Amino acid sequence: MELPKSFGAERNIALSDLTSFRVGGPACVVLHPRSYDAIADIVSTARRYSVPLALLGKGTNVLASDRGYDGWIIRFDTPLHDPVYRGTNVTVCCGMSMTVLARETVRKGLMSMECLCGIPGTVGGACAMNAGAYGSEIKQILKRIRILKDGTDEWVDVKDGDLGYRKSAFSFPDAIALEAEFALKEDDGTAMETLLRCVEKRKEKQPLDVPSAGSTFKRPEGHYAGALIEQCGLKGFSIGGAQVSPKHAGFIVNANGATEADISALIEHVQRVVKEQTGVTLEPEVKRI
Ligand SMILES: Cc1cc2nc3c(=O)[nH]c(=O)nc-3n(C[C@H](O)[C@H](O)[C@H](O)COP(=O)(O)OP(=O)(O)OC[C@H]3O[C@@H](n4cnc5c(N)ncnc54)[C@H](O)[C@@H]3O)c2cc1C
């Protein structure tokens with residue numbers, strides 16, 4: 001099918017190039033829409049022709065299949081415009097990098113996003129996942145969000161988003177987050193110091209030099225996934241090229257040319273052992289494509 005220029009189509013792209021885990025087979029068509037209208041057109045065209053559709057931001061919380069994806073993938077990882085500041089509020093395109101935004105807000109004399117610096121995805125991915133770190137989460141600062149849902153493009157109040165631990169109603173396929181408005185505060189003089197401390201903590205604790213999708217599992221009520229995995233003797237355990245990070249047991253990493261099958265087998269193994277030894281069920285945080 002000949003696709004409009006505004007869809008920004010590329011063909012036969014390896015999903016391993018689009019995801020931070022660096023795994024995944026070929027995607028038939030990857031679309032880089034150049035406007036919000038183009039995103040809406042892609043969704044309606046895919047629906048009309050019954051083409052399977054997936055959505056990626058920066059692919060930092062996704063495990064992609066070795067078989068690839070036989071449909072269209074929207075890659076919404078580039079901002080369509082600059083952020084707009086009004087007092088202590090900022091409205092941004094959801095294709096913007098969360099880390100770039102967090103740094104920019106601090107430079108502008110604002111605070112509340114500093115702990116989110118270092119989350120490697122987009123603002124859209126962060127809203128979809130209700131991302132959080134070091135005591136801060138998107139839910140605390142998101143005011144309203146512009147979403148595309150059932151063919152309608154509208155701004156909705158964050159209260160209607162059912163934001164919970166690593167989940168929201170603004171997540172694909174329920175919705176596509178287009179723009180987000182955040183209510184921040186004036187910097188009390190501590191924002192840059194906090195930002196640098198959070199970034200430093202990440203470098204110290206997380207295996208940032210090896211491909212991963214961050215924490216593989218959600219934090220189980222009353223526990224830390226990494227601590228449970230370590231307690232079960234699984235730190236450093238490998239299947240194929242996939243490994244439980246020797247630096248942080250909460251991260252499964254692609255240590256040596258892992259496939260999705262290796263990572264999936266390791267996820268299942270960790271879940272089984274942790275359940276047997278501690279009785280706790282670990283639920284994956286990473287999404288599948
Ligand atoms: C080294 C590392 C550290 C990390 N640290 C953290 C952390 O501290 N805290 C944390 O919460 N996460 C963390 N993550 C996970 C990940 O970065 C976040 O979940 C991030 O918010 C995902 O954004 P993304 O753009 O990469 O989304 P993707 O991984 O591309 O997508 C994730 C999900 O969101 C959906 N989605 C993406 N964009 C949109 C949109 N615009 N509208 C609707 N749905 C959308 C996708 O369809 C998919 O289901 C980390 C990951 C890595 C690799």
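The values are calculated or read from the model by the stated rules, or taken from the named source; none is laboratory data. Treat the numbers as computed from the prediction; the structure is a model and nothing was measured. Note: ideal-geometry Cβ built from the backbone for every residue, glycine included; neighbour counts use all protein chains shown. Accessible surface is based on the protein model in full, side chains and every heavy atom, while ligands, DNA and RNA are left aside. Shrake-Rupley method; radii C 1.70, N 1.55, O 1.52, S 1.80 Å.
Antiparallel beta bridges, as assigned by DSSP with both residues in the range 5-75, represent about 40 percent of the total such bridges.
Converting phi to 3J(HN,Hα) with the Karplus coefficients 6.51, -1.76 and 1.60 and the offset θ = phi - 60°, the range 83-92 yields x, 10, 9, 9, x, 9, 9, 9, 10, 9 Hz in sequence order, with x at every glycine or proline. When nucleic acids and ligands are ignored and a 1.4 Å probe is applied, residue 32 ends up with an accessible area of around 60 Å². Measuring nothing but protein heavy atoms, the accessible surface of the chain at 1.4 Å probe radius is 48 percent carbon and sulfur. Which of the three applies to the range 186-281, rounded, prolate or oblate, going by the alpha-carbon gyration tensor with a ≥ b ≥ c and a/c under 1.5 meaning rounded? It comes out oblate by the Cα gyration axes.
Mean residue ellipticity at 222 nm, helices only, the chain: -7500 deg cm²/dmol; runs of at least 4 DSSP H residues each add -39,500 (n - 2.57), and the sum is divided by the number of residues. For the range 5-75, the Kirkwood hydrodynamic radius from C-alpha pairs, put into Stokes-Einstein at 37 °C and a viscosity of 0.692 mPa s, yields a diffusion coefficient of 271 µm² per second. If R0 is 45 Å, what FRET efficiency do you get for residue 223 and residue 2 from their C-beta distance, rounded to 0.05? For R0 = 45 Å, the calculated efficiency reads 0.30. Placing unit charges on each Cβ (+1 for Lys and Arg, -1 for Asp and Glu) gives the chain a dipole about its Cα centre, and among 134, 256, 63 the Cα reaching farthest toward its positive end belongs to 256.
Considering amide H positions built from the backbone, and no H for Pro or chain starts, which residues 5 or more places from residue 178, or on another chain, come under 5 Å of its amide H? It is 146, 147, 148, by chain and number.
Between residue 159 and residue 261, the FRET efficiency from the beta-carbon distance, with R0 = 41 Å, is close to 0.50. Centre-to-centre separation between the Cα atoms of the range 210-249 and those of the range 85-164: 27 Å. Once backbone amide H atoms are built at 1.01 Å from N, residue 74 has 31, 54, 55, 56 as its partners under 5 Å, excluding neighbours fewer than 5 places away on the same chain. Excluding the site residues themselves, the longest part of the chain lacking any chymotrypsin sites (Phe, Trp or Tyr not before Pro) in a DSSP loop with at most 13 other Cβ atoms within 10 Å is 166-289. The value given for the chain is a Kirkwood hydrodynamic radius of 19.7 Å, derived from the mean inverse Cα-Cα separation. Couplings 3J(HN,Hα) of the range 175-185, computed from phi: 7, 10, 7, 9, 9, 9, 10, 10, 9, 9, 10 Hz, in residue order, whole Hz [Karplus 6.51 cos²θ - 1.76 cosθ + 1.60, θ = phi - 60°; x for Gly and Pro]. Taken one residue at a time, the phi angles of the range 266-281 give Karplus couplings (6.51, -1.76, 1.60, θ = phi - 60°) of 5, 4, 5, 4, 4, 4, 5, 5, 5, 5, 4, 8, 10, x, 8, 8 Hz. Gly and Pro are set to x.
Remark: accessible surface ordering of 263, 239 (largest first) is 239, 263, probe radius 1.4 Å.
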